[in-house]
1. Quick check: net charge around A107, other residues with Cβ under 12 Å of its Cβ, Lys/Arg +1 and Asp/Glu -1?
2. Enumerate the calculated ³J(HN,Hα) couplings along the stretch 248-265 in order (Karplus 6.51 cos²θ - 1.76 cosθ + 1.60, θ = phi - 60°), each rounded to whole Hz, writing x wherever the residue is Gly or Pro.
3. Show me the ranking of peptides 197-205, 126-134 by mean Cβ neighbours inside 10 Å, starting with the highest.
4. Take peptides 314-325, 452-463 and line them up by average Cβ neighbours within 10 Å, highest first, as a rough protection proxy.
5. Pick out, from T475, L444, L487, the residue whose Cα sits farthest towards the positive end of the charge dipole of the stretch 429-498, with +1 on the Cβ of Lys and Arg and -1 on the Cβ of Asp and Glu.
6. For the peptides 349-355, 247-253, 367-373, 113-119, what is the packing order when you average, over each peptide's residues, the other Cβ atoms within 10 Å and list the highest mean first?
7. On a 0 to 90° scale, report how tilted helix 163-187 is relative to the longest principal axis of the chain, with both axes built from alpha carbons and the result rounded to the nearest 10.
8. How charged is the neighbourhood of N278? Take every other residue with its Cβ under 12 Å from the Cβ of N278, and add Lys/Arg as +1 and Asp/Glu as -1.
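What follows draws every value from the coordinates through simple rules; no lab data is involved. All figures in this text were calculated on a predicted structure; none of them were measured in a lab. So basically every Cβ, Gly included, is an ideal-geometry build from the backbone, and we count neighbours across all protein chains shown.
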Amino acid sequence: MTALSVSTSSAASLRADALVIGVAKGPKGLVVAAGAEAVVEAFEGKLAEVLTTLGATGAEGEAVKLPAPAGLKAPLVLAVGLGEAVDGPFGAEDLRRAAGVAARTLAGAKKVALALPTGSAEDVEAVALGALLGSYAFGAYKADVTKAPVAELVVLTDRKGSKDAKSAVERATAIGEEMNRARDLVNTAPNDLNPKSFAAIAQAAGKEHGLKVEVLDEKALAKGGFGGILGVGVGSTNPPRLVKVAYTHPKAKASLAFVGKGITYDSGGISLKPAGHNETMKCDMAGAAAVFAAVVAAKRLGLQVNVTAWLALAENMPSGSATRPGDVLRMYGGKTVEVLNTDAEGRLVLADAIVRAGEEKPDVIVDVATLTGAMVLALGNRTFGVMANDDALRTRLHETAGAVGEPSWPMPLPADLRKGMVESTVADLANMGERMGGGLVAGLFLQEFVAEGIDWAHIDIAGPAFHEAGPFGYTPKGGTASAVRTLVRFAEDTAAGK
């Protein structure tokens, strides 16, 4: 595990394998960012000139190495691009991405010092979090990992005597480590991660961090009438689970429920996915991973708010016992659903969990799910959609996501799209409606299971949850831990009474 710390030592005096500085694109050429003054001095004022000769422009994602001159204890300097030069401080996301690029570029190093701009505690946190996320690597199944993650990251700052810098790094560590836990879960092969083993991981984390964990197995689910979760999981030899992970604070004045879709593998069931669409379906539990990580992070941060995660876990497989198109399920709470497509399974497990979460009367329910391909078509691979039964809540989540660097977009719940879903001739609802606007139809379906008087939001992370292209910034290939930061900040703001 990568160690993360903060230091007020000079960039020139700190011993490390590499020293990271920031550069930007100025109107007249390359600009060296604040924090690198000692490095500029060591290069006798010619650092920008040398970097320009080496092809550096300061563009975002750029990384240029050069040997360090006499006067620096580190043998290597890495200049990372921050993008366009700005008047005033760089944005937190610019710093996160630059630090992430640095950590990825320097994989294999034992100790890296980051002399990026850190004029505030927020800047310190951004650099620390970006570096920790950028250092992530998943090597559970590789016999030969040629480059291990950076062993130790040190964030340099001149905020001498300030406790807020240390607190910022501690906060970044808690959030970053839990995001990387979520990434590990998403990246784990489905033959190793199933509903039972996921539940065991939650139980172990609960024991480690002092969280209350309750697990309903297939017998308890049947006794309780959880027809949605059972209906999805009945075709698999790995039976489903509903896991409750609860964090409570004695001074809490509000309670939040985070509900996560946890399909540990999605074949589509009897409505089998076509060839080419199965290979990444281990990621269909990313919503459950996100809400789980967010609750553990809330505990580690000691937030004065009660937060409960509900992990709706099932494996969607075709077999002689699997739910068929045309079957009718009796959901938890009593509603009946005609299953027209077994590949629209996420909404079924979420519906049961949303009803159960509502019984505890939280102030807000937020569900997170890799729910629909339609959302990917609408928003692409890096932006998640936000829907809600309250416009203010939807706006708040959208703005929260933007504040922490997660692209999102507010989406509507058009009443006219509900018609096709409620026209089942044999049940209260069908699990499918109109094809066009399918992501919104899924949101409307979930809304049917929200108890009256409870504010609810739905976050569809189908696009950004699993990154199949090359890494960028602090985002690796594979699981990304999408929505974790949004949920944690939402919980922080709630604790602060916002």
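1. Values: positive: R104, K110, K147; negative: D17.
That sum, taken over residues with Cβ under 12 Å, equals +2.
2. 10, 10, x, 9, 5, 10, 8, 9, 10, 10, 10, 10, x, 6, x, 7, 5, 7
3. Details: 197-205: 18.7, 126-134: 30.3.
Highest-to-lowest ranking by the protection proxy: 126-134, 197-205.
4. Numbers: 314-325: 19.2, 452-463: 22.4.
Ranking, from highest mean packing down: 452-463, 314-325.
5. T475
6. Numbers: 349-355: 29.0, 247-253: 13.7, 367-373: 27.1, 113-119: 24.9.
Most protected by this proxy first, the peptides run 349-355, 367-373, 113-119, 247-253.
7. 50
8. Details: positive: K273, K282; negative: D266, E279, D284, D343.
Combined, the nearby Lys, Arg, Asp and Glu give -2.
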